[in-house]
Amino acid sequence: MPAKVTIICLCFNHAQFVKEAMESVLQQSYPCELIVIDDASADNSVLQIEEVKSLYPHKDIKTIFLKENQGNCKAFNMGLKITDADYIIDLAADDILLPERVGEGVKSMELDKEIAVNFTNANYIDAKGNLLNEHYPADKFGRALEKPPEGEVFHDILAHYFICSTSMMYRASFLKKLGGYDEDLAYEDFDIKLGLSRNHPFSYTDQILVEKRRLKSAMSAKQYQRNNAQLASTLLICKKALGMIESKKEKIALQKRILYEGKQAFIHKRFLLLLAFLNLGFKTILQK
C-alpha cells in the first residue's frame, strides 16, 4: 500500500494567498490528504478556503475553522490528531509546494525507516510571487552549490539555522511520539528540529521543491521585536537543549547559540531576556 501523506495547512489572515497554497497541494504528482485549519482569521480567509473546497469536490480536503486564535503550535496539533498519515508536511497558507515535493519526499524517506525529516532547497518569493533568491544558492539546474549537512544533524541545528522549515516533511510516527509541537512555545521549528534530530537522521533532496514567501507581516520578521514571544520561546528551547547535549562539541554549539540570541536581546533592548540568556550561558559552562 502506498504511503499516506497529509499536508496540514495553517491559515491566519492569509486570504490573499491561501487558494494558491491549497491548489499547490491539490496539484501534487503524489496524491495526499489536505487538512486546512483557519486560526480565527479576521479577513475573508474562510471564504477563500470554502471556495477552493467547492471547486475540488472529489479531493480529500478537511477543514477546521477555529473561533478563537490558538497559535501555530496548538492549531497544528489539532490537525496532527485527526490524521493517520505516514508522512506530514506543515504548510503555511502563504507558501507553496511545487508539484514534485511530496513524491520526492516519500521517495527519500522510504529508503530508510529511521529518517525523521526530509528537507529540500527552496525559493524565496515576494507577495506577488516574484523570485527573490534560493535558500541554498543553486546552479542553473537548481542544484545547491554547497550541499547542507544531512544525516546526524543535531549539532548543526543547535549551532545555526540552515534548514528552510517550509521544506520539511516529517515521519508522522516520530512526530507523534514527541507529542507534536510544544504548545507552550510561540513557534515550533527550532524545537521540533532538535527533538527529532537528537535520535534520528535527516535526509536532504537537492532540488528546489517549495516556495516560501517573505512578507513584512511574517512571524520570522518580527521575532525580536518588543512584546513578541518568540525570543522567550527560544530561551525555553535552549534550556531544553542543555538537557539534551551529549558531547563537548554540542556544548560549544549551544553556547554559541545562547551568545547569539543574547546579543539579539541586547540589540533589541530586551534586557530581562538578556539576563536570562547570560544565566543560561553560565549554566552551560558549569555543566560537566
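Read-outs: derived from the displayed coordinates by stated rules, not from any lab. Please read all numbers here as calculations on a predicted model, not as lab measurements. Positions of Cβ are backbone-derived with ideal geometry, glycine not excepted, and every protein chain shown enters the neighbour counts.
Pairs of Cα atoms nearer than 8 Å and 6+ residues apart set the relative contact order; for the chain it is 19 percent. Among the GluC sites (Glu not before Pro) in the range 143-182, those located in a DSSP loop and surrounded by at most 11 other Cβ atoms within 10 Å of their own Cβ are 146.
Here the range 225-288 and the range 71-111 have alpha carbon centers that stand 29 Å from each other.
Considering only 53, 251, 216, the Gaussian network model of the chain with Cα springs below 10 Å gives its largest mean-square fluctuation to 216. DSSP beta bridges fully contained in the chain are about 30 percent antiparallel. Note on the range 230-286: Cα-only Rg and Dmax are 10.7, 33 Å. Where in the range 159-189 does the amide nitrogen come within less than 19 Å of the point 7 Å from the Cα of residue 139, taken along Cα to Cβ? Label zone hits: none. When the GluC sites (Glu not before Pro) in the range 189-288 are filtered for DSSP coil states and for at most 15 other beta-carbon atoms within 10 Å of their beta-carbon, the remaining sites are 246. Note on the chain: with charges restricted to the Cβ of Lys and Arg (+1) and Asp and Glu (-1), its dipole about the Cα centre is near 1240 debye.
Loop sites here are chymotrypsin sites (Phe, Trp or Tyr not before Pro) outside DSSP states H, G, I, E and B with no more than 15 other Cβ atoms within 10 Å. The longest part of the chain free of them is 1-140. The string of couplings for the range 164-176 from the Karplus curve (6.51, -1.76, 1.60, θ = phi - 60°) is 6, 4, 4, 7, 7, 10, 9, 7, 4, 5, 5, 5, 5 Hz, one whole number per residue in order, with x for Gly and Pro. Per residue, the Cα convex hull of the range 5-215 amounts to 119 Å³. Sparse packing (at most 15 other Cβ atoms within 10 Å of the Cβ) combined with a DSSP loop state is found for the following GluC sites (Glu not before Pro) in the range 29-136: 68, 110, 114.
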